[in-house]
1. To make sure I understand, if each residue's beta carbon is the centre and we count other beta carbons within 10 Å, what order do MET79, MET68 fall in, fewest to most?
2. Ranked from highest to lowest mean number of other Cβ atoms within 10 Å per residue, what is the order of the peptides 97-109, 122-134, 29-41, 150-162?
3. Just how large is the dipole of the chain about the Cα centre, in debye to the nearest 20, putting +1 at every Lys and Arg Cβ and -1 at every Asp and Glu Cβ?
4. Subtracting the Cα-Cα distance from 0.36 nm times the residue separation, let me have the gained length for GLU67 to LYS17 in nm, one decimal.
5. What is the set of long-range amide H partners of SER44 at a cut-off below 5 Å, with H atoms built 1.01 Å from backbone N?
6. Relative contact order (percent) for the chain, with alpha-carbon contacts under 8 angstrom and 6 or more residues of separation?
7. Let me check I've understood the local charge: for LEU116, count other residues with C-beta under 12 angstrom from its C-beta, Lys and Arg +1, Asp and Glu -1. What total comes out?
8. Pull out a ≥ b ≥ c, the square roots of the eigenvalues of the alpha-carbon gyration tensor of the chain, then state rounded if a/c is under 1.5, prolate if not and a/b is larger than b/c, and oblate in the remaining case.
Amino acid sequence: MAEVFILLGGNVGDKPKILGQVRKLIRERAGIITRSSSVYATESWGFKSELFWNQVIVIETKLNPFEMLACSQGIEHEMGRIRKPIINNESTTYQERTIDIDLLFYNDLIIDTKELTIPHPKIGERRFVLVPLAELAPDKCHPVKGKRIQELLSLCSDQLKVNRID
């Protein structure tokens, strides 16, 4: 079984209901949720919008990383996520969404392909990722950066507000 850290986030629709439904679908299709952070209200990153709700969950899964990616993208699509095209490895704009499911870590694997990058390449730049991640695993070492999550949080230059709501 692999241990996967996943960030859930969205800012469109009934956020508590959507997060609950996504956790249910992940349990049904991907694996057992072993830990969950608090839910945080966070300012949008890269554009102006309603507050996002974000949460990190940890699952145990038998899916390989690419199966996990396909599973998460299938859940996003089912929950109404519409992805804008990617140009030069960047989405054309950040956008509102019902749900975003980001694979942060898959064990301590390092994967860098066109389809999938693990660890997620922007973990160290975003407080909305680091705050809930530090709640669950402050001493987890980032396999590429060689720093603990708590260290990455203390070094993060992102100043956007991240407020616990539950």
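1. Neighbour counts put them in this order, fewest first: MET79, MET68.
2. Working: 97-109: 19.2, 122-134: 21.5, 29-41: 17.2, 150-162: 14.1.
So the order, starting with the most tightly packed, is 122-134, 97-109, 29-41, 150-162.
3. 180
4. Full extension of this stretch gives 15.5 nm more.
5. Result for SER44 returns SER49, PHE52.
6. On the way: 308 pairs, mean separation 49.7, N = 166.
Dividing the mean separation by the residue count of the chain yields 30 percent.
7. Within the 12 Å Cβ shell, the charges total -3.
8. Details: a/c = 1.17, a/b = 1.02, b/c = 1.15.
Rounded, because the longest to shortest axis ratio a/c is under 1.5.
None of the figures in this text is laboratory data; all of them are computed from the coordinates on show. Computed from a predicted model, the values in this text were never measured in an experiment. Neighbour counts run over all protein chains shown; Cβ positions are idealised from the backbone, glycine included.
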